[in-house]
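Undergrad: Starting off with a structure, shown below.
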Amino acid sequence: MKTTLFLVVSLILLFVFSCTPPKEESTAVKIENTLKSVSLWSDSLMIDPNEVMASLERINEAIDSIGYPDAGYKLWLVQSDSALDFRFMIEGYWPDQAIYDTIHNHELYKQATKRADEEDEFWESLINTWYNRFTRVK
């Protein structure tokens with residue numbers, strides 16, 4: 001009886017493990033970002049950050065389409081107790097200066113950065129008060 005039970009359990013385990021698909025190894029190459037751009041924006045109208053984020057997501061989709069999914073923009077809401085003059089920080093992350101230039105000169109990027117009429121009001125009310133690019137020290 002114990003031998004039969006052992007055989008049945010062994011067969012069940014063998015069946016379960018043989019039906020489990022093997023893990024697929026990722027063939028995507030992750031590009032290490034060595035360039036960062038940072039913009040600080042003031043906002044007198046208290047714009048909904050989701051509106052700004054929707055605009056940046058459209059731009060990030062274009063950057064993905066160009067072939068650089070590891071590059072793009074992130075939106076940060078500045079904590080009011082840390083910098084009273086700024087409301088948003090937009091962080092750009094880029095593999096290097098050459099790819100930054102390639103992306104920003106690409107037609108898909110240029111089309112994505114053209115604002116829709118409803119976006120004009122909030123982008124015009126935001127004042128870019130500080131912009132810099134940084135390279136990472138290795």
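We did not get these values from a lab; they are worked out from the coordinates using the rules stated. Bear in mind the structure is a predicted one, so any value in this text is a computation, not a measurement. Backbone-built Cβ (ideal geometry, glycine too); neighbour counts: all protein chains shown.
Undergrad: Evaluate the distance, in nm, between pseudo-label points positioned 7 Å from the Cα of HIS104 and of LYS36 along their respective Cα→Cβ axes.
TA: Rounded to a tenth, the inter-label distance reads 1.8 nm.
Undergrad: Still on this model: Could you put SER39, SER55, SER125 in order, starting from the residue whose Cβ has the fewest other Cβ atoms within 10 Å? Intermediate values should be presented prior to the final figure.
TA: Values: SER39 17, SER55 20, SER125 14.
Ordered from fewest to most neighbouring Cβ atoms within 10 Å, SER39, SER55, SER125 come out as SER125, SER39, SER55.
Undergrad: Something else about it: Over the residues of the stretch 35-135, compute the C-alpha Rg and express it relative to 2.2 N^0.38 Å. Before the final figure, lay out each step's value.
TA: Working: Rg = 13.7 Å, N = 101, 2.2 N^0.38 = 12.7 Å.
Against the empirical 2.2 N^0.38 Å value, I get 1.08 for the stretch 35-135.
Undergrad: Between ASP85 and ASP48, what is the label-to-label distance in nm when each label sits 7 Å out along the Cα-to-Cβ direction?
TA: In this crude label model, ASP85 to ASP48 measures out at 3.0 nm.
Undergrad: For a paramagnetic label modelled at 7 Å from the Cα of ILE127 toward its Cβ, which residues of the stretch 37-52 fall within the zone defined by backbone nitrogen distances under 14 Å?
TA: 40-46
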